[in-house]
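One structure is given below, encoded as structure tokens.
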Amino acid sequence: MFDNKVIVEDSLASEQLEDGRYGVSVLARLPYYRGLGLSMVENIAVSIDGQDVQRDNVRFAVRGNMWTLDEMETEYGDRWNFGEKAKVLVVTGEPLDSGSHEVSVAITMRVSYLPFVPTTRDVKTLNL
Amino acid sequence: MSIKRGVSLYSFQHETFLGKMDLEDCIRTCAELGAFGIEVIGEQSFWGYPEQPVKEADIQHWHALMEKYGTTPVAHDFMLDYKRYKGRIMPFDEQVASIKRDIDLAKRLGAPYLRALVAIEPDVLVAAAPYAEEAGVKLLLEVHAPLHFDHPWILRHAEAYEQSGSDALGFLPDMGMFLDKFPPVWKARFIRNGVPQKIADYIEKAYEDRVLSEYVIQNVREMGGSGPSIAMAETLRHNAAYDPRRMLDHMSRIHNIHGKFYEVTEDLIEPSIPYDDIVRILTEGGYNGHICSEYEGNRWIEDAVEVDSVTQVSRQQKMLDKLINQYAK
């Protein structure tokens, strides 16, 4: 559900972390009919132009706070709201070239009542 | 007293997800359709909940909308994330406390019923029942495919409710468990996903012939099916044409109904769920609660066309209105 609405159109942006490293981000929405506590977001797998980003180079940011994916696993006080646009940031080291890039975001959620752990993947070509 | 019409705001998820409709748009739409009962999923409509309590201003806004449009709260659907902690299940007492928090929300919203997901343990609901009684609300287990009223898990719930002696425990049947035909919107989506026409036709026919899911999956494999073909066949594991008459044994505990649907055509037919039988049987059983529309076609068509939940809910409401009047005594 919402498979093709995870990545927000035209949202690819250059980023620079506090430690000076470069990255890029997209805005993303949780592919689910409700929000979910952050501890239940098991993974956000990102690839850019076919290159997989390492899990520890992915950050999730919403309403002014940022988490690594490992930090999210024990975050019980905040959530990714229904339809909320969160920033998924990846550390690339070097700045990404301007122009067109294929971005893939795959979100894995631990949903209590489902007998499986669903992953929803969206791929979009975005301009930087 | 006849059956009343309502809408679960789940139905408008496509529009609310994208910010095309807000809470007031949803409530106004329901009222315009003559569906005056409102069911809400707290974790969908109220951002921040349950980690943060719903703000008092949001509760007042909710009640102002009910008054403005003449609508009535029916149910708050709660989730109970017992897998909140990776690798371990939430302890029993914490699960009960979580339900109590949702009971508080239902009470603040003025909703007499709470929807409990079918995977919740009966003992947890029984432990929360006294708190629900005090609050004047009822906890209703959503009997949802592939579970059904003759499944041992549901029978275990029914026995636990009887033993508890509490009338704050009951059922909320989801009409998707009476899936009579393979939904055309599912078939079309699987074909777009790459299922060969021949295999899609076979699965649709096998479903109508009530062939056991495992045989269908195996036959699809033997037909050379893979990937999406297997996925299409595997939907038969999760769906079946159970008998709506099985609700009749539980009428005293059924207080709300999910009017699940995948599509209603222009001539007001749900091609896969037998609403004519359902409304007739519910009327026979003396049901006078709500049937709340639960549109779930969006996820099956969103890859191909723009979803129009309002048109779909509107058609289902017209269909329900017609059937309710047709069978009313």
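Out of curiosity, is B:V313 in a loop (DSSP other than H, G, I, E, B) and either without any contact (Cβ under 8 Å) to a residue 24 or more places away in the chain or surrounded by 22 or more Cβ atoms within 10 Å (Cβ to Cβ) (or both)? Taking the combined requirement at face value, the residue does not satisfy it.
Looking at B:G87, is it in contact (Cβ under 8 Å) with a residue 60 or more places away in the chain, surrounded by fewer than 15 Cβ atoms within 10 Å (Cβ to Cβ) and of a type outside the set (F, W, Y)? Judged against the criteria, B:G87 is not a match. Of note, B:A129 does not satisfy the criterion of being more than 12 Å from chain A (Cβ to nearest Cβ) and touching a residue at least 60 places away in the same chain (Cβ under 8 Å).
Condition test on B:F190, is it touching a residue at least 24 places away in the same chain (Cβ under 8 Å), among the hydrophobic types (A, V, I, L, M, F, W, C), outside any loop (DSSP other than H, G, I, E, B) and closer than 30 Å to B:G224 by Cα? Judged against the criteria, B:F190 is a match.
Going through (1) under 24 Å from B:S98 (Cβ atoms); (2) in contact with a strand residue (DSSP E or B) (Cβ under 6 Å, 6 or more places away or on another chain); (3) not hydrophobic (A, V, I, L, M, F, W, C) one by one, A:R121 falls short only on (1). Scanning segment B:24-41 for residues that are part of a helix (DSSP H, G or I), under 22 Å from A:K85 (Cβ atoms) and either among the β-branched types (V, I, T) or within 19 Å of the chain's Cα centre (by Cα) (or both) gives a single hit, B:C26. Checking every residue in segment B:193-202 against the condition of being at pLDDT 95 or above, in contact with a strand residue (DSSP E or B) (Cβ under 8 Å, 6 or more places away or on another chain) and within 25 Å of B:P274 (Cβ to Cβ) gives zero matches. For segment B:32-41, the criterion of being touching a Leu at 6+ places or on another chain (Cβ under 8 Å), touching a residue at least 12 places away in the same chain (Cβ under 8 Å), under 18 Å from A:L36 (Cα atoms) and crowded, with 24+ Cβ neighbours inside 10 Å is satisfied by at least one residue. For the residues A:L96, A:L89, the requirement of being away from chain B (no Cβ under 14 Å), assigned to a strand (DSSP E or B) and among the aliphatic types (A, V, I, L, M) singles out A:L89. Checking each residue in segment A:27-58 for being touching an Asp or Glu at 6+ places or on another chain (Cβ under 6 Å) and of a type in the set (S, T, N, Q) picks out only A:S39.
For segment B:282-302, a tally of residues being surrounded by 20 or more Cβ atoms within 10 Å (Cβ to Cβ) and more than 14 Å from chain A (Cβ to nearest Cβ) returns 7. When B:V279, B:V305, B:V313, B:V264 are checked against the criterion of being within 22 Å of B:H76 (Cα to Cα) and either away from chain A (no Cβ under 14 Å) or β-branched (V, I, T) (or both), a single residue qualifies: B:V313. The residues of segment B:11-22 that are over 14 Å from B:E294 (Cα atoms) and either of a type in the set (G, A, S) or away from every other protein chain (no Cβ under 12 Å) (or both) amount to a single one, B:G19.
Checking each residue in segment A:40-75 for being touching a residue at least 40 places away in the same chain (Cβ under 8 Å) and either within 14 Å of another protein chain (Cβ to nearest Cβ) or aromatic (F, W, Y) (or both) picks out A:M40, A:V41, A:E42, A:N43. Here is a list: B:Q95, B:Q163. Which entry is assigned by TED's automatic domain parsing to the domain that holds B:E296, more than 21 Å from A:G37 (Cβ to Cβ) and modelled with pLDDT of 95 or more? Result: B:Q163 is the single residue among B:Q95, B:Q163 that is assigned by TED's automatic domain parsing to the domain that holds B:E296, more than 21 Å from A:G37 (Cβ to Cβ) and modelled with pLDDT of 95 or more.
Suppose we keep only residues that are at the interface with chain B (Cβ under 8 Å from one of its Cβ atoms) and not in a loop (DSSP other than H, G, I, E, B) within segment A:1-35. Which one would you say is farthest from A:H101 (Cα to Cα)? Filtering segment A:1-35 for residues that are at the interface with chain B (Cβ under 8 Å from one of its Cβ atoms) and not in a loop (DSSP other than H, G, I, E, B), the one farthest from A:H101 (Cα to Cα) comes out as A:D3.
The number of residues in segment B:276-310 being among the charged types (D, E, K, R), under 30 Å from A:V6 (Cβ atoms) and outside any loop (DSSP other than H, G, I, E, B) comes to 2.
Scanning segment B:232-248 for residues that are assigned to a loop (DSSP other than H, G, I, E, B) and either among the small types (G, A, S) or out of contact with any helix residue (DSSP H, G or I) (no Cβ under 6 Å at 6 or more places or on another chain) (or both) returns B:H238, B:N239, B:A240, B:D243. For segment B:201-231, a residue qualifies if it is part of a helix (DSSP H, G or I), touching a residue at least 24 places away in the same chain (Cβ under 8 Å) and more than 26 Å from the chain's Cα centre (by Cα), and exactly one does: B:S229.
A:G83 - would you say it is farther than 24 Å from B:A119 by Cα, facing chain B (nearest Cβ under 9 Å) and either among the small types (G, A, S) or out of contact with any Gly (no Cβ under 9 Å at 6 or more places or on another chain) (or both)? So A:G83 passes the test.
The values are calculated or read from the model by the stated rules, or taken from the named source; none is laboratory data. Quantities reported herein were computed from a predicted structural model and do not represent experimental measurements. Methodologically, a virtual Cβ is constructed for each residue, glycine included, from the backbone with ideal geometry; neighbour enumeration extends over all protein chains shown.
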